């Protein structure tokens, strides 16, 4: 792409530069980082001193900029760097950020906004009201196209190993759209109810609310939407695609296998699942105890899979994978998990009464376990399975349950809360002990323990060491061994490669085995993990199998491309304050002597779901709930859009990046951000603009019409305490403008302006000031030392009344406006990576010959227009742009003739 | 607001409520009209809007066609002198306006059923005022084709 001039920024200075150059016949590229051109001027109420309507006069300029035949505008794009190349040109690298909306297809109808489930502060209304994640910047936006705001992926969604859009279903639940929330989870897995109970909820660990009062109960919200769906009797809301005529066999019906079967069936494949056990569901159906995950819930989840045509055959063990291919299955997925319990390898292990944990849990879940009434049980192991076994043994009536593990309590692999719950249910923990022998003659009579001194070696490898001299004996009748699980894959050899522990060897990205049509995933590959991790692997396997069967390259690096995880620090900074919302307490009813397998965790009530989902901070802004995608009549929304890099060659550059407003919370004595009725000048301009959010001037604290309004001038300007000695030039005039508009809008209001002095140099400016004073604005010479908030939201200003002997006074107001000043836009620092674009002492772009050649920067061919070089009002910016573009045009001509 | 409500009540009380077609422009007058709605301002609900890039692209035949299809009044919400495309947009639009009025006269349709005014991107209030006035002016003319 070749242009004559690159204009960076499309505020009034940038638009004016582009239009003048375009009118001269130069090809211009404008790069704007927001989704609309217009900068700050379009957001203002009126301009001073003429009181012309700012939007009426800037909208035509915005439209002209976009439609000019010589001007190309890239909105929602950023200049990453500009480099000088050899022949006098500049090479600009521009990042086109994805709008996630096809600009050509979007008509600006705003249906996506109506459908969007997320509200965040509206930066174009100075954060006074909210906007949606899917939004059109403001009514006069040019181009008037929607954009989906996705600064990052929400931590809850990003951290989910199953790829479930946690933020999405939370935001749908917040909107009361439980069925849609359920369907959103179905996009990833059919196991909604099971994960709502048995998931280890990494989403909650990542929840940004966790750094405030505590995370959202995200897992329980999922459980609520699942329960609501299953209780409603509403038929499944998703359908499989047209049958493709290809069949896939899935061996194993655990979370990985079932999820893969679901995904493949949705794509239109004929899927059959083979399960060796008498009950489907793998760990869900067999080993996770009913008090955590009732069998009916697993059955309901499996019902989803069957509803879209997946056949599940239980009691069918597959040993010969090749024969499946012969039966017409064009691909086979092995997801047999880790069904073998590791053994202790100590004397006495063969005694009656010693049993592997998985066998015990399975019998207990299927209601076939032997009564343990009156028995003393020892469970060996420190992981989650051991805890499940111990707590199940309590429920089967064991008089005493002792859990023995090598690790010290803090090192146990089981989740801390699970250990706590086991202890509350009367399990006795013996941590830091190994097993020397199981004692007994005909059956188990006791167990001999030896002190474990270390579980891991220096390299953190499992390598326990013991002090054989420290011993303890526990009397017991039953020993349940829960010291690990492994795959059962001997039968698959030599068809597939196996590791020493029996795990299958597959490509970690594509999950394809040595045999091209055989894939494997889940615990049979990874060793014992979490069910949610297995679900994620099942999804990946289904995607890869589909690519394989369609004869497409796997392109594994393109699988599930995500926007990077959002930084939680940025999330909390988005709002000045957050209301305090305590998390719900645990809904678990734990008793010391549990006697049955009733589910111990209570469901959330609808009110609790509403409250909890309302605590969501919408970290990634867009929740990926897909509502906009469904609502868009033009199918314009594509959430998988990626950033694009564009390189442009230009002969000259105009930097018109404008200014920033002083962040008023840096003057803490004024209380901005803490006191709701202290606002900034920009906020007042929004309250007065024709597109004002409340259609009148109201104070934010309680929506009352303010009677007494104070202005604090020079907030962040002429103030060494914030490092800015400069006058911002515009604050006096915009405040005087607002004074007049307020008196028009609220004829009864009293307006008082506290000043150092009033600076009104400019044609008609002083007359404008005199006019405001004549209309009744009260100007008081005196700096504000402090602002105090009263209980009714009113504010007391403390000041020194210079014109009355410097007396210290206080005055009460309903609303305080801080006339915030101008700050440099530091984005210009990075434009030329080599630092060749010089900045002045105040970090504005330096004009090296300010007196004689305004607009000229330290780099020949690069010019600065508008407030990027220092505070300017609108007419000054336009004049300055004229000066800059005249030089830019001369430079382009010089480059053209090779001078 | 009382005045506005009274105006709306007077329109409601009338048997004949003229159908008004508004031609707006994407970037300038349409946001202004949109703002009237989003600010909850009241104007006759029989007005409907079609947005175009530029009023100078209106074919006079469209206007005739609208009246033949039962529209009682056509309002062109133009950009005035602020068109983003053409410096002579206002003159062109004026010529289109004249041509259309002549065509209406030929067909015996009252030329005052066609009206044009500049509406800026935030001119919600003036748009509402125009709509109310136009509605009042059209009422005595009765439905199109029955003059």
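The lone criterion from (1) touching a helix residue (DSSP H, G or I) at 6+ places or on another chain (Cβ under 9 Å); (2) surrounded by 17 or more Cβ atoms within 10 Å (Cβ to Cβ); (3) within 12 Å of chain A (Cβ to nearest Cβ) left unmet by residue B:47 is number (3). Considering the conditions (1) in contact (Cβ under 8 Å) with a residue 40 or more places away in the chain; (2) within 29 Å of residue A:243 (Cα to Cα), residue A:528 is excluded by exactly one of them, (2). Being more than 24 Å from residue A:47 (Cβ to Cβ) and surrounded by fewer than 24 Cβ atoms within 10 Å (Cβ to Cβ) is not true of residue A:870. Residue-level analysis places residue A:86 among those that are free of Cβ contacts under 8 Å to residues at least 60 places away in the same chain and more than 14 Å from chain B (Cβ to nearest Cβ).
Every residue, every condition in (1) within 30 Å of residue A:212 (Cβ to Cβ); (2) surrounded by 22 or more Cβ atoms within 10 Å (Cβ to Cβ); (3) touching a strand residue (DSSP E or B) at 6+ places or on another chain (Cβ under 6 Å), yes or no:
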{"position": "A:616", "(1), (2), (3)": "yes, yes, no"}
{"position": "A:621", "(1), (2), (3)": "yes, yes, yes"}
{"position": "A:626", "(1), (2), (3)": "yes, no, no"}
{"position": "A:653", "(1), (2), (3)": "no, yes, yes"}
{"position": "A:660", "(1), (2), (3)": "yes, no, yes"}
{"position": "A:672", "(1), (2), (3)": "yes, yes, yes"}
{"position": "A:693", "(1), (2), (3)": "yes, no, no"}
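Residues in region A:370-385: is at least one over 24 Å from residue A:595 (Cβ atoms), free of Cβ contacts under 8 Å to residues at least 60 places away in the same chain and within 38 Å of the chain's Cα centre (by Cα)? Yes, there is a match, as at least one residue in region A:370-385 is over 24 Å from residue A:595 (Cβ atoms), free of Cβ contacts under 8 Å to residues at least 60 places away in the same chain and within 38 Å of the chain's Cα centre (by Cα). Taking the numbered list (1) more than 31 Å from the chain's Cα centre (by Cα); (2) closer than 30 Å to residue A:640 by Cβ in turn, residue A:537 passes all entries but (1).
With respect to residue A:93, is the statement that it is outside any loop (DSSP other than H, G, I, E, B) and surrounded by fewer than 19 Cβ atoms within 10 Å (Cβ to Cβ) true?
Values: outside any loop (DSSP other than H, G, I, E, B): yes; surrounded by fewer than 19 Cβ atoms within 10 Å (Cβ to Cβ): yes.
Considered against the rule, which asks whether it is outside any loop (DSSP other than H, G, I, E, B) and surrounded by fewer than 19 Cβ atoms within 10 Å (Cβ to Cβ), residue A:93 comes out as yes.
Answer yes or no as to whether residue A:257 is touching a helix residue (DSSP H, G or I) at 6+ places or on another chain (Cβ under 9 Å), surrounded by 24 or more Cβ atoms within 10 Å (Cβ to Cβ) and part of a helix (DSSP H, G or I). In short, yes. Within region A:15-30, identify whether any single residue is out of contact with any strand residue (DSSP E or B) (no Cβ under 7 Å at 6 or more places or on another chain), buried (at least 24 other Cβ atoms within 10 Å of the Cβ), away from every other protein chain (no Cβ under 14 Å) and at pLDDT 95 or above, and answer yes or no. So far as region A:15-30 goes, yes, one or more of its residues are out of contact with any strand residue (DSSP E or B) (no Cβ under 7 Å at 6 or more places or on another chain), buried (at least 24 other Cβ atoms within 10 Å of the Cβ), away from every other protein chain (no Cβ under 14 Å) and at pLDDT 95 or above. Residues in region A:55-80 that are surrounded by fewer than 23 Cβ atoms within 10 Å (Cβ to Cβ) and over 30 Å from residue A:93 (Cα atoms) were compared, and the one that is farthest from the other protein chains (Cβ to nearest Cβ) is A:57.
Criterion first (in contact (Cβ under 8 Å) with a residue 12 or more places away in the chain and either buried (at least 17 other Cβ atoms within 10 Å of the Cβ) or part of a loop (DSSP other than H, G, I, E, B) (or both)) does residue A:645 satisfy it?
Spelling it out, it is not the case that residue A:645 is in contact (Cβ under 8 Å) with a residue 12 or more places away in the chain and either buried (at least 17 other Cβ atoms within 10 Å of the Cβ) or part of a loop (DSSP other than H, G, I, E, B) (or both).
Being over 40 Å from the mean Cα position of the chain (by Cα) and within 21 Å of residue A:394 (Cβ to Cβ) narrows it down to one residue among A:475, A:437; which is it? Walk me through it before giving the result.
Details: A:437 fails: within 21 Å of residue A:394 (Cβ to Cβ).
One residue alone meets the criteria, A:475.
For residue A:145, indicate whether it is surrounded by fewer than 23 Cβ atoms within 10 Å (Cβ to Cβ) and either in contact with a strand residue (DSSP E or B) (Cβ under 8 Å, 6 or more places away or on another chain) or assigned to a strand (DSSP E or B) (or both).
Values: surrounded by fewer than 23 Cβ atoms within 10 Å (Cβ to Cβ): yes; either in contact with a strand residue (DSSP E or B) (Cβ under 8 Å, 6 or more places away or on another chain) or assigned to a strand (DSSP E or B) (or both): yes.
When the stated conditions are applied, residue A:145 passes them.
If you go through region A:655-701 and keep only what is in a loop (DSSP other than H, G, I, E, B), more than 14 Å from chain B (Cβ to nearest Cβ), in contact (Cβ under 8 Å) with a residue 60 or more places away in the chain and touching a helix residue (DSSP H, G or I) at 6+ places or on another chain (Cβ under 6 Å), you end up with A:656, A:657, A:658, A:673. Could you say whether any residue in region A:191-204 is crowded, with 22+ Cβ neighbours inside 10 Å and within 14 Å of chain B (Cβ to nearest Cβ)? No; the residues of region A:191-204 include none that is crowded, with 22+ Cβ neighbours inside 10 Å and within 14 Å of chain B (Cβ to nearest Cβ). Taking the stated definitions as given, is residue A:137 outside any helix (DSSP H, G or I) and either surrounded by fewer than 23 Cβ atoms within 10 Å (Cβ to Cβ) or away from chain B (no Cβ under 14 Å) (or both)? No: the conditions fail for residue A:137.
For every residue, the table says whether it meets (1) modelled with pLDDT under 95; (2) out of contact with any strand residue (DSSP E or B) (no Cβ under 9 Å at 6 or more places or on another chain).
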{"residue": "A:225", "(1), (2)": "no, yes"}
{"residue": "A:236", "(1), (2)": "yes, yes"}
{"residue": "A:239", "(1), (2)": "yes, yes"}
{"residue": "A:249", "(1), (2)": "no, no"}
{"residue": "A:252", "(1), (2)": "no, no"}
{"residue": "A:266", "(1), (2)": "no, yes"}
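I'd like the full set of residues that are more than 24 Å from residue B:79 (Cβ to Cβ) and in contact with a strand residue (DSSP E or B) (Cβ under 7 Å, 6 or more places away or on another chain), limited to region A:34-87.
At the first step, the residues of region A:34-87 found to be more than 24 Å from residue B:79 (Cβ to Cβ) are A:48-49, A:74, A:76-87.
Across region A:34-87, the qualifying residues are A:74, A:76, A:77, A:78, A:79, A:80, A:81, A:82, A:83, A:84, A:85.
Each residue in region A:1-59 was checked for being assigned to a helix (DSSP H, G or I) and under 32 Å from the mean Cα position of the chain (by Cα), and 3 of them qualify. If the condition is being touching a strand residue (DSSP E or B) at 6+ places or on another chain (Cβ under 6 Å) and away from every other protein chain (no Cβ under 14 Å), then region B:59-99 contributes B:63, B:66, B:71, B:73, B:74, B:75, B:76, B:93, B:97.
Among the listed residues B:116, B:41, which satisfies the condition of being touching a residue at least 40 places away in the same chain (Cβ under 8 Å) and within 13 Å of another protein chain (Cβ to nearest Cβ)? Lay out the reasoning, then the answer.
Working: B:116 fails: within 13 Å of another protein chain (Cβ to nearest Cβ).
Answer to the selection: B:41.
Note on region A:789-834: residues that are part of a strand (DSSP E or B) and surrounded by fewer than 19 Cβ atoms within 10 Å (Cβ to Cβ) total 11.
The values are calculated or read from the model by the stated rules, or taken from the named source; none is laboratory data. None of the values given here were measured: they were computed from a predicted structure. Please note: Cβ atoms are built from the backbone with ideal geometry, for glycine as well, and neighbour counts cover all protein chains shown.
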